[in-house]
Amino acid sequence: TYERLMTEDQVPSALLQKVHKDNLALTSECLDRYSFHERDNTSITMAINPDKIEEAKEKIRRFQDEMSELLEQGHKTSVYQLNIHLIPVVK
């Protein structure tokens with residue numbers, strides 16, 4: 001479709017968890033399927049202040065909106081997916 005589909009934030013959902021897992025699997029497959037000219041995969045590991053998580057989530061959503069506005073301009077001939085993950089890696 002030409003419309004954006006958005007879900008609510010902070011809603012626990014088994015279906016959304018499955019979608020996220022499927023997205024991770026797709027990302028893994030794309031590493032082998034597409035050259036670095038056609039994709040971008042980066043990561044950063046950092047020590048953080050957990051009190052800043054909510055502010056970080058807000059910035060991530062604004063960034064996603066900005067990317068959507070940029071990339072959806074003009075004639076569209078490809079479908080891409082943008083995934084951003086902010087996850088704890090140690091307990």
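Name the residues in the range 63-91 that are outside any loop (DSSP other than H, G, I, E, B), among the hydrophobic types (A, V, I, L, M, F, W, C) and open to solvent by 100 Å² or more (accessible area, probe 1.4 Å), would you? The one that is outside any loop (DSSP other than H, G, I, E, B), among the hydrophobic types (A, V, I, L, M, F, W, C) and open to solvent by 100 Å² or more (accessible area, probe 1.4 Å): LEU71. Listed by first and then second residue, the pairs with beta-carbon distance under 7 Å, at least 6 apart or on different chains, first residue in the range 5-28 and closer than 19 Å to GLN64 by Cβ, second at pLDDT below 80 and open to solvent by 80 Å² or more (accessible area, probe 1.4 Å), are LEU16/THR7.
Return the residues of the range 33-62 that are part of a helix (DSSP H, G or I), open to solvent by 90 Å² or more (accessible area, probe 1.4 Å) and closer than 26 Å to PRO88 by Cα; say none if nothing qualifies. Passing the criteria: PRO50, ASP51, LYS52, GLU54, GLU58, LYS59, ARG62. Scanning the range 20-32 for residues that are open to solvent by 100 Å² or more (accessible area, probe 1.4 Å) and under 14 Å from the mean Cα position of the chain (by Cα) yields HIS20, LYS21.
The values are calculated or read from the model by the stated rules, or taken from the named source; none is laboratory data. It should be emphasised that the depicted structure is a prediction, and the values quoted were computed from it without experimental measurement. Cβ coordinates were reconstructed from backbone atoms using ideal geometry, including for glycine residues, and neighbour counts include every protein chain displayed. Only protein heavy atoms, including side chains, enter the accessible area calculation; ligands, DNA and RNA are left aside. Shrake-Rupley method; radii C 1.70, N 1.55, O 1.52, S 1.80 Å.
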